[in-house]
Amino acid sequence: MLLAAGSGAALAAAPEWVSYRDAYRAMVLFEKYGKPKNYLQNHYQVMARDKGVSLEGVQLSLQGKTMQVNLPLDATGRTVFPFLKAAYDENAALVLNRKVASYVFRPRISIVVQADGLYETAELRAACEQALAWQRHIDASAGAKKCVGVRFAFTGAAGEPEVRLRRGAAGETVIPAVTGAAFSDDPNAAFRVVSYRFADSAAPGQIVMTDAPLSIAALIE
C-alpha cells in the first residue's frame, strides 16, 4: 500500500499516512464478493508489524480537502471502513499518529459476534467455511487448507471469560482460556482467547458465554 510523508490533503495533524484509494480498492473486494458471507464481517485493521509494538494511543483518521473523520480503533486495531465517494475523488489520506512503517494496514475478515452470547456449533462451522471460501477466493494457495475451529478473543477487562460447550444430555464443558492473539497472523498476543476446535465434538451443540467476545476468528490450517 502506498506510503508517503505528505500530500495536498489536510495533513497538518500528522505526516504519516496511507492512501485511502488503495485501502478502498482492497476493502471493496469483499463488498463485491458474491458467494455466501452472512456470517462474516470485514473491517479495516491497523496491525502492529512486530511483537512489542503497542496499539495504545494509536489514532486513525480520514482526511481530505473537505473532510476530517476520526476512525476509532478497537483493541485489535480494527475500524469500520467508510466507503465515501468524495474521499476517493479527493484522493484523501488515512492518517496515523504513529510511524506507518511500524504497522500493517489491511482488511480483516472475522465472524459476526452474537449479542446473546449463544452460538450453534453448526453455524460456527458454516461461518468458518465461508471464511475459508473467501480466503480461497483471494489466495489460490489456500486451496488445500481446512476449517478446524474458531477462536474467541476477549480483552480480559471484564474478568476471566467463561465459555462453555453445551451438548444436550452430555451436559456442559468449560473451554479454557489462554493468553494469545485474536488472529493467527497478528503479533499482538495480549488477549484472553478461547479456541473451539470442531474435532473436539462431532455432535451438534452450542457455545455459550456471558460476555461478548471482542472478535471471533476462523481457524484455518
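The values are calculated or read from the model by the stated rules, or taken from the named source; none is laboratory data. Note that the structure is a prediction, hence the values are computed from the model and not measured. Glycine also receives a Cβ, built like all others from the backbone with ideal geometry; neighbour counts cover every protein chain displayed. When the accessible area is computed, the model is the full protein with side chains, heavy atoms only, and any ligands, DNA or RNA have been set aside. Shrake-Rupley method; radii C 1.70, N 1.55, O 1.52, S 1.80 Å.
Looking only at the range 86-103, filter to residues that are of a type in the set (A, V, I, L, M, F, W, C) and open to solvent by 40 Å² or more (accessible area, probe 1.4 Å); which one of those is modelled with the lowest pLDDT? Full working, then the answer.
The first filter runs over the range 86-103 and keeps only residues of a type in the set (A, V, I, L, M, F, W, C), leaving 86-87, 92-96, 100-101.
When the remaining residues are screened for being open to solvent by 40 Å² or more (accessible area, probe 1.4 Å), the result is 86, 101.
On the way: 86: 97, 101: 94.
Per the criteria, the residue is 101.
I'm trying to understand the selection: among the residues of the range 1-60, which are open to solvent by less than 30 Å² (accessible area, probe 1.4 Å), modelled with pLDDT of 95 or more and among the aliphatic types (A, V, I, L, M)?
18, 23, 27, 28, 40, 46, 47, 48, 58, 60
Given the conditions (1) hydrophobic (A, V, I, L, M, F, W, C); (2) touching a residue at least 40 places away in the same chain (Cβ under 8 Å); (3) over 14 Å from residue 99 (Cβ atoms), report the number of the one that residue 80 does not fulfil.
Here residue 80 clears every test but (2).
Select from the range 129-148 the residues that are touching a residue at least 60 places away in the same chain (Cβ under 8 Å) and in contact with a helix residue (DSSP H, G or I) (Cβ under 8 Å, 6 or more places away or on another chain) and list them in ascending order. Steps first, please.
As a first pass, look at the range 129-148 and keep what is touching a residue at least 60 places away in the same chain (Cβ under 8 Å): 130-135, 137-138, 142, 145-148.
Of everything in the range 129-148, those that are touching a residue at least 60 places away in the same chain (Cβ under 8 Å) and in contact with a helix residue (DSSP H, G or I) (Cβ under 8 Å, 6 or more places away or on another chain) turn out to be 132, 134, 135, 138, 142, 145, 146, 147, 148.
Which condition number does residue 142 fail, the rest of (1) farther than 17 Å from residue 16 by Cβ; (2) modelled with pLDDT under 95; (3) open to solvent by 10 Å² or more (accessible area, probe 1.4 Å); (4) not basic (Lys, Arg) being met?
Exception for residue 142: condition (3).
When you scan the range 191-221, how many residues do you find that are closer than 26 Å to residue 103 by Cα and not in a strand (DSSP E or B)?
The total comes to 3.
Considering only residues that are surrounded by 15 or more Cβ atoms within 10 Å (Cβ to Cβ) and among the hydroxyl-bearing types (Ser, Thr, Tyr), which ones fall in the range 146-184?
Correct list: 155 only.
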